[in-house]
Structure formats: structure tokens, C-alpha cells
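Reading through the C-alpha cells given below for one structure.
Values quoted throughout were computed directly from the atomic coordinates according to the rules given, and no laboratory measurement underlies them. Treat the numbers as computed from the prediction; the structure is a model and nothing was measured. Every residue, glycine among them, receives a Cβ derived from its backbone with ideal geometry; neighbour counts consider all protein chains shown.
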Amino acid sequence: MSIINKQKIIIAGPCSAESENQMMQTALGLKKINSIDIFRAGIWKPRSKPGGFEGAGKIGLKWLQKVKKTTSLLTAVEVANPDHVEMALENDVDVLWIGARTTVNPFTVQEISEALRGTSNVVLIKNPINADINLWIGALERIKNANVNNIGLVHRGFTSFGNDEYRNAPFWQIPIEMKRLFPNTTMICDPSHIGGKRYRLQNIIQKSLNLDYNGIMIESHFNPDLALTDSDQQISPSDLAILLDNIQWKSKEIQKSEYNDKITVLREELKELDDELLSIFYARMNISRDIGELKKKNNLTILQTKYWDKRLNYLMKLGQKYDLDPIFLKTVLENIHLESIRFQNEARTKK
Ligand code: PEP
Ligand code: MN
């Protein structure tokens, strides 16, 4: 059985392979944590700008082989082109992952799929950096079409403008939809790239486990402050051991029955969507306020009936497509509209 079918998969290791010593020290620390299955390390590092540390390259694969021999942990690297795939397979790497910057590019994903054709190794596909589910689905289909059977998905968050709560906003509804579309595909959370900071890791992991993810991929470095890449988000193996002790693979409410399992996951999904709804309301009201101010400057009335009529008609039709009850939808839309007018009015009457 492939490791990808195991429940509670834990992948840990440094963001980048920096030196043999850094790899060995980290791996020996991680080996002490019994629950760790796979040692990860970036050999070729995609950097936004040139001039930064771009990974150790091929020699890192030799260090990885030593780690495997010494610790008997499985190993994982990122592959960003067919050459990487070839070198990784030649050097006995067990798990190959496609990074977020690659998933966005169907040309590259196709080339990588060809290089992977028929492999029994595990292939993990990270979500694309932008919040476009079709790119993620497309990458999964391309890899599947190359007769790769041991596939997992890694949720590492999405670039988003104006968010300072995370390094990469999780947009949980996207992996939730992937899980709905591909219920038998392993979903792994990468809290390191979502959080960007050590103190955020635990909550992100717990949230993903409450959503019934199958495992985590986390960055760990024997001395995180010295790490050449992603220093703020890496944690030491001993801190990782504490963190793993403090998470619950199933939330407290869940008992043994299947009903409880399912209801808890569904409730978590609803919670995420409700949070999202509120943040959309917030953004919408801010725009209403801006419109109020603009109308004030131009001395226009608040209610522009014709425009609203047109929008309402359009949205009611769209609602049909989404199977929404027309009475329910009309009430919601009219209330949102009324509240927007109140916001506009407030902005208009403000001195
Ligand atoms: C990584 O895992 O180190 C990495 C580069 O990740 P991502 O592709 O998610 O940015
Ligand atoms: Mn990293």
C-alpha cells in the first residue's frame, strides 16, 4: 500500500536543503518524533527575485539519500521541470511535489506529467498561488492522465491582496470543494506557507484536521533562526514534537459513529462559508459608503431605481441557476440593498 493512503500522514523537513549538516541534524531531530513519515526538503528553490538562495541543487539529492539511509524516513522534493523529475527519480526520492508556482502553468504541468508517466511514486500537487480552482483540478487531471495513481493534494493557501492575517490566505472553501469533487484523494495541509509565522501553525493545523484533512506538510529546521529561506515559519524538531502533541486529529465533539464524523465536518464547512459571507458583507458595505461619498460630491440622489431594478432582475435569474428559492433570495437581496442605502445615507449626511 502506498504511503499516500495512510491516515495521518506527516511530512516535515526544512524549506530548503542548505548543507549536509543542516539536513542530518534536522532529520535526526525529526526521527525522534515517531509519527513522522516523510522528510521534505526543497532542492531547487523558486524565489520571487533573483539573487536569493536558490537551493543547493543536485548535491542536495545526495544529502537526502544519506538522510534516508540513516533514518529510514521516506523523502520528498519539489519538482518544477522534467529534469528535476528525472534527477529525483534517479536518486530514489519517494515523493515528488509540484509547487504552487508550477501548478499555475498548464504547459509546465503537462511536461512534468510526461516525465512522471506511469510512476508508482507519490506525487503531491500544491494548490496554485492564485485562487483558481480550475488550475488545481487541471493539474490533478493531467497527472492522473499520465497514469500516476498515488496522488495527493496540498493546501498551502493563496496570494491575496490586503490580507495580513496569513502569509497566504487559506480560502478554505477551495480545498473543501476539491474534497467534494475528489473525495478519495488525500488532502494535506501546509500550515507553514499559509501561516508564514510559527505562532500561527497550531490553529491552522487544527482547523484543517477538523475539516477532515488526511495529513500535514510542515517546515522544520534544526535552527530556524539560521534558515536561509522561510526562517519565520520554520520550527525546530523539538517544538514540532510539542505542537503535534497538542493537536487533535479529530475534534472533541467527534465520537465513533459515522454520523458524528460527518456532521462535524459539514459544520466546519458551514462555519467557513459563514465567515466568508460576513467578510463579503463587510467589503460590500465599504463600497456602499464610498458610493455615498461620491454621490454627495456630485449631488446625486441615493436611490437610483432603474439601476437597482436591473440588478435585481439579473440576480433573481442567476438565483434560478443556483437553485435558490426566489422568495428567500428576494428577501436577502432587498435587505442587503436596504442596508447599503443606509450606509450610503450615512456617508452622504456626514459633514
Ligand atoms: C515549499 O514547500 O517550500 C514551497 C516552495 O512551497 P510553495 O510551492 O507552496 O510556495
Ligand atoms: Mn518554504
With no solvent and one equal point scatterer placed on each C-alpha of segment 274-318, evaluate the Debye formula and give log10 I(q)/I(0) for q = 0.34 Å⁻¹, two decimals.
-1.00
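Starting from segment 245-351, pick out the chymotrypsin sites (Phe, Trp or Tyr not before Pro) whose DSSP state is loop and whose Cβ has at most 12 other Cβ atoms within 10 Å.
Working: sites: W249, Y259, F281, Y282, Y307, W308, Y314, Y322, F328, F343; in loops: W249, Y322.
Qualifying residues, ordered by number: Y322.
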Provide, for q = 0.21 Å⁻¹, the log10 of I(q)/I(0) from a solvent-free Debye sum over equal Cα point scatterers in segment 234-328.
-1.19
Separation in nanometres of the label points that stand 7 Å from Cα toward Cβ, at L324 and E276
1.4
Grab the DSSP H runs of the chain that are 4 residues or longer, score each as -39,500 (n - 2.57), total them, divide by all residues and round the 222 nm result to the nearest 500 deg cm²/dmol.
-16000 deg cm²/dmol
Which of W97, S72, V109 sits farthest toward the positive end of the charge dipole of segment 65-109, with +1 on the Cβ of Lys and Arg and -1 on the Cβ of Asp and Glu?
S72
Rounded to one decimal in nm, the spacing of the 7 Å Cα→Cβ label points at R101 and D225 is 2.8
With angles folded into 0 to 90 degrees, how steeply does helix 305-321 sit against the dominant principal axis of the chain? Use alpha carbons for both and round to 10.
40
Given springs between every Cα pair under 10 Å in a Gaussian network model of the chain, which of K330, K144, K45 has the largest fluctuation?
K330
Sort largest first and round to whole Å: the equivalent ellipsoid semi-axes of segment 298-351, each the square root of five times a Cα gyration tensor eigenvalue.
27, 12, 6
Beyond a 23 Å Cα-Cα separation, which of these cross-linked pairs lie in this structure: K32/K144; K31/K66; K45/K68; K8/K179?
K32/K144
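Which of the chymotrypsin sites (Phe, Trp or Tyr not before Pro) found in segment 111-165 are in a DSSP loop and have at most 14 neighbouring Cβ atoms, other than their own, within 10 Å?
Sparse-neighbourhood loop chymotrypsin sites (Phe, Trp or Tyr not before Pro): F161.
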Using the Kirkwood formula on alpha carbons, the hydrodynamic radius of the chain in angstrom works out to 22.5
Enter the Cα centre distance for the pair segment 179-244 and segment 53-67, rounded to the nearest angstrom.
22
Report the extension gain between K144 and I287 in nm, rounded to one decimal, defined as 0.36 nm multiplied by the number of residues separating them, less their alpha carbon distance.
47.2 nm
Gaussian network model of the chain, Cα within-10 Å springs - most flexible of M316, M217, M285
M316
Name all residues of segment 131-164 having a backbone nitrogen under 12 Å from the label point set 7 Å from the Cα of I247 along its Cα→Cβ direction, giving them as ranges.
155
Output for segment 112-207: GluC sites (Glu not before Pro) sitting in coil per DSSP, at most 15 other Cβ within 10 Å, listed by number, reads E165
What is the packing order of peptides 168-174, 103-109, taking the mean over residues of other C-beta atoms within 10 Å and listing the highest first?
168-174, 103-109
Quick note on L329, L294, L338, ordering by fewest other C-beta atoms within 10 Å, gives L338, L294, L329
Among 33-40, 123-130, how do they line up by average Cβ neighbours within 10 Å per residue, starting with the highest?
123-130, 33-40
Between L181 and S160, what length comes free when the chain is fully extended (0.36 nm per residue of separation minus the Cα-Cα distance, one decimal in nm)?
5.2 nm
What is the diffusion coefficient of segment 171-225 in µm²/s, taking the Kirkwood radius over Cα pairs and the Stokes-Einstein relation at 20 °C with a viscosity of 1.002 mPa s?
178
Using the Karplus curve 6.51 cos²θ - 1.76 cosθ + 1.60 with θ = phi - 60°, work out ³J(HN,Hα) for each residue of segment 85-99 in order, rounded to whole Hz, and write x for Gly and Pro.
4, 4, 5, 5, 5, 4, 9, 6, 6, 8, 10, 10, 10, 9, x
Have a look at T185, F161, I174 and report the one farthest towards the positive end of the charge dipole of segment 155-194, computed about the Cα centre with Cβ charges (Lys/Arg +1, Asp/Glu -1).
T185
Springs between alpha-carbon pairs under 10 angstrom, Gaussian network model over the chain: which of D83, D232, D323 fluctuates most?
D323
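Is segment 149-296 rounded, prolate or oblate when judged by the Cα gyration tensor, a ≥ b ≥ c being the square roots of its eigenvalues, rounded requiring a/c under 1.5 and prolate requiring a/b larger than b/c?
oblate
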